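Only one structure is covered here, and it is reproduced in the block below.
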Amino acid sequence: EETRATTFYTTGTTGLPKGVYYSHRQLVLHTLAVSHALGSAAHATFGPGDVYMPITPMFHVHAWGLPYLATLLGAKQVYPGRYVPDVLLGLIRRERVTFSHCVPTILQMMLTSPAAREVDLGKWKVIIGGSALPAALARSALERGIDVIAGYGMSETCPILTLAHVLPAMRDSDIDRQLGYRCKAGRPIPFVQLRI
């Protein structure tokens with residue numbers, strides 16, 4: 001279980017360029033932790049009935065490790081190839097995609113695409129990472145019915161550390177209060193200990 005499973009090279013967005021490797025144990029523990037975090041949340045959940053489409057490439061920390069979770073759950077998986085907004089929106093409509101993750105820029109491009117007017121996004125759950133989720137973008141997503149939350153992680157952590165799920169008591173609060181929570185880094189997922 002301590003054998004290297006994969007190697008990942010990063011340009012060092014937040015530091016010096018580096019190579020990171022993940023053991024089989026790290027990948028399994030990360031998958032189980034994210035499974036619990038997304039399976040036990042009050043919203044933005046990920047389960048076997050979801051249709052999963054990563055909008056983060058596999059070379060970006062294994063698409064945040066979520067393809068392993070999709071495989072563990074037995075969820076249908078849709079891999080889009082190039083990240084062209086109209087193609088992504090067409091796949092969401094045709095394949096009935098319900099769960100994705102991406103960076104803010106891609107979500108912005110999708111929401112402003114003319115093709116977005118023809119797609120019902122009301123069942124789509126999206127985790128935003130890679131950079132901060134702007135409140136204006138989160139508001140636009142929520143107004144379209146998208147259940148959007150921020151997440152945080154690093155190459156060295158396999159990667160997800162936190163998710164910004166809104167607590168059940170806050171779900172019925174006004175949108176401004178929800179935005180304050182949805183756009184934060186969030187709370188640690190299981191097996192994660194943070195020191196700030």
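Out of (1) part of a helix (DSSP H, G or I); (2) without any contact (Cβ under 8 Å) to a residue 12 or more places away in the chain, what's the single condition that is false for residue 108?
Here residue 108 clears every test but (2).
Restricting attention to region 111-122, report how many residues are outside any loop (DSSP other than H, G, I, E, B), open to solvent by 30 Å² or more (accessible area, probe 1.4 Å) and not charged (D, E, K, R).
Taking region 111-122 and keeping what is outside any loop (DSSP other than H, G, I, E, B), we get 111-112, 114-118.
With the extra rule that they be open to solvent by 30 Å² or more (accessible area, probe 1.4 Å), the set shrinks to 111-112, 114, 117-118.
Those left that are additionally not charged (D, E, K, R): 111-112, 114.
Total meeting the criteria: 3.
Any residue at all in region 20-31 that is closer than 25 Å to residue 186 by Cβ, modelled with pLDDT under 95, touching a Cys at 6+ places or on another chain (Cβ under 7 Å) and surrounded by 10 or more Cβ atoms within 10 Å (Cβ to Cβ)? Spell out the reasoning first.
To start, the set of residues in region 20-31 that are closer than 25 Å to residue 186 by Cβ comprises 20, 22, 25-31.
Subsequent filtering for residues that are modelled with pLDDT under 95 retains 20, 22.
Right, trim to touching a Cys at 6+ places or on another chain (Cβ under 7 Å) and you get 22.
Retained after the next criterion (residues that are surrounded by 10 or more Cβ atoms within 10 Å (Cβ to Cβ)): 22.
The answer is yes; a qualifying residue exists.
Within region 131-150, count every residue that is open to solvent by 20 Å² or more (accessible area, probe 1.4 Å) and not in a helix (DSSP H, G or I).
Total satisfying the criteria: 6.
Counting only residues that are in contact (Cβ under 8 Å) with a residue 40 or more places away in the chain and in a loop (DSSP other than H, G, I, E, B), how many does region 160-172 have?
4
Exactly one of these conditions fails for residue 75: (1) in contact with a Gly (Cβ under 9 Å, 6 or more places away or on another chain); (2) within 17 Å of residue 163 (Cβ to Cβ). Give me its number.
Of everything listed in (1) in contact with a Gly (Cβ under 9 Å, 6 or more places away or on another chain); (2) within 17 Å of residue 163 (Cβ to Cβ), residue 75 misses just condition (2).
Filter region 142-196 for residues that are hydrophobic (A, V, I, L, M, F, W, C) and more than 14 Å from the chain's Cα centre (by Cα) and give the result.
So in region 142-196, the residues hydrophobic (A, V, I, L, M, F, W, C) come out as 142, 146, 148-150, 154, 158, 160-161, 163-164, 166-167, 169-170, 175, 179, 183, 185, 189, 191-192, 194, 196.
Correct list: 142, 166, 167, 169, 170, 175, 179, 191, 192, 194, 196.
Just checking, does region 74-95 include any residue being crowded, with 21+ Cβ neighbours inside 10 Å and of a type in the set (Val, Ile, Thr)?
Yes, the conditions are met somewhere in region 74-95.
Given the conditions (1) of a type in the set (Phe, Trp, Tyr); (2) at pLDDT 95 or above; (3) surrounded by fewer than 18 Cβ atoms within 10 Å (Cβ to Cβ), report the number of the one that residue 68 does not fulfil.
So residue 68 meets the others, but not (3).
If I filter region 173-191 down to residues being in a loop (DSSP other than H, G, I, E, B) and modelled with pLDDT under 90, which single residue comes out as surrounded by the fewest Cβ atoms within 10 Å (Cβ to Cβ)? Even if it seems obvious, please write down each step before you answer.
Start the filter on region 173-191 by keeping residues that are in a loop (DSSP other than H, G, I, E, B), which leaves 173-174, 183-186, 189-191.
If we keep only those that are modelled with pLDDT under 90 as well, we get 173-174.
Details: 173: 13, 174: 8.
In this case the residue turns out to be 174.
The values are calculated or read from the model by the stated rules, or taken from the named source; none is laboratory data. Here the structure is a predicted model, which is why all the values come from computation and not from measurement. Heads up, the Cβs are rebuilt from the backbone with ideal geometry, glycines too, and the neighbour counts pull from every protein chain shown. All accessible areas refer to the heavy atoms of the entire protein, side chains included, with ligands and DNA or RNA removed. Shrake-Rupley method; radii C 1.70, N 1.55, O 1.52, S 1.80 Å.
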